[in-house]
Amino acid sequence: MKGETVSSTTTNSHEHHHDQQEQENYKKKKTMNPRLLAVNCILLGVGQVGGPLLIRLYFLHGGQRKWLSSWLQTAAFPFLLIPIFISWSMSKPKSTVDANPNDRKLRFGVTRKLFVSSLIVGIIVGLDSFLYAFGLSYLPVSTSSLLMSTQLAFIAAFALVLVKQKFTPYSINSVVLLTLGSVVLAFHTDGDKPIGVSKAQYLVGFFVTLGAAALVGFMLPLIEFVYTKACVAITYDLVMRMQFLVSMFATLLCTIGMLINKDFQAISREAKDFGLGETKYYMVLIFTAVLMQCAIVGNLGVIYCSTSLLGGVLITLLIPVQQILAIFFFNEKFSAEKGMSLALCLWGFASYFYGEYKQTRNKKNQHKSPIDRQEIPIEV
């Protein structure tokens with residue numbers, strides 16, 4: 001019995017040390033150069049604004065293939081081989097496993113655990129891409145973007161469960177305001193219904209887009225959770241390798257959907273009947289694939305540099321840009337409900353960042369010595 005107790009204590013001690021090692025590996029990425037965060041924010045911004053506009057352009061001018069438009073959101077993943085190869089050629093080969101020797105490294109430079117995690121996340125991304133494309137086929141870009149902003153509320157909920165995200169009154173206020181924004185928008189469910197879309201189709205698109213937002217809200221904290229439990233030091237090179245696998249599995253899922261729906265055979269026929277011409281049809285497809293891949297890479301990069309919650313907040317910040325461009329290019333209506341929803345979204349965004357600013361300032365004050373914190377009286 002005594003021997004079993006000692007063995008159990010040793011096992012618990014080893015598991016505690018293993019968990020500490022996981023957290024230390026994950027914290028290494030928090031000390032990185034902020035320039036990389038800026039680069040990923042730019043990628044996220046360009047992709048998040050341009051990609052949805054092109055998908056909506058595809059549907060507005062005769063495109064009807066939802067699996068094709070979902071396939072385009074991840075199909076440009078082979079381009080990731082370029083930065084992966086450059087990083088591989090500039091670095092010396094070394095073992096990536098430093099916490100769990102039983103988790104053998106595979107040929108692509110990821111462990112079995114990360115490979116399986118990439119497969120699961122890839123399936124989620126593929127399903128979310130289809131839901132998003134389905135909703136955007138019936139909704140204006142302005143409405144779709146406002147609905148997708150609710151992902152921040154879902155991110156907050158799942159981040160609390162998966163990665164024990166700490167919340168401040170400001171971040172809670174931000175989530176509440178964004179949720180209210182979507183509720184206000186729901187009161188105007190048919191006022192901006194596109195021509196040719198029935199009320200039933202609009203409602204389906206409305207709730208399917210909310211489902212896509214919920215799925216994204218689960219996926220981003222899940223990726224952050226995978227980072228913390230990876231048993232390896234997470235580097236940006238490893239993030240790119242994981243992104244390659246995630247996009248590859250998502251594309252495979254959408255490819256199966258396209259094969260069942262016979263979308264590949266319909267591409268040439270759609271191109272001939274496309275409202276903007278055959279050449280522009282293929283240009284829309286190519287640029288959609290590139291921009292959506294930029295959005296995914298930027299989003300995962302932001303999570304690597306910071307948190308999944310920040311990624312959701314940045315996407316919310318981009319909503320006004322999407323609104324303005326949608327009105328300019330597609331002549332979409334900007335109703336009072338949309339204006340109120342947008343105001344709530346911006347208010348929520350400002351609340352979140354003000355809370356982050358105060359938290360950062362408080363941490364700096366705590367690190368100062370008591371003498372530095374004392375106020376020196378000014379003699380008159």
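FYI, it's all coordinate maths here, none of it is from the lab. These figures come from a predicted structure and were not determined experimentally. Neighbour counts run over all protein chains shown; Cβ positions are idealised from the backbone, glycine included.
When the listed pairs Lys199/Lys338; Lys66/Lys333; Lys66/Lys199; Lys66/Lys166; Lys66/Lys280 are checked against a 26 Å cut-off, the alpha-carbon distance exceeds it for Lys66/Lys166.
Would you please classify the overall shape of region 258-353 from the alpha carbon gyration tensor, given that a ≥ b ≥ c denote the square roots of the eigenvalues, rounded means a/c under 1.5, and beyond that prolate means a/b larger than b/c while oblate covers the rest?
Numbers: a/c = 2.98, a/b = 1.55, b/c = 1.92.
Oblate is the answer for region 258-353, as a/c is 1.5 or above yet b/c matches or exceeds a/b.
Approximating the spin labels as points 7 Å out from Cα along Cα→Cβ, the Leu37-to-Thr235 distance works out to 2.2 nm. Packing-based ranking of 43-52, 335-344, 66-75, 194-203 yields 66-75, 43-52, 335-344, 194-203, ordered from highest to lowest mean Cβ neighbour count within 10 Å. Cβ-Cβ distance of Trp88 and Tyr282, R₀ of 41 Å, FRET efficiency by 1/(1 + (r/R0)^6): the value works out to about 0.80. Estimated at 0.36 nm per residue, the fully extended path between Asp273 and Ser198 surpasses their Cα-Cα distance by 24.7 nm.
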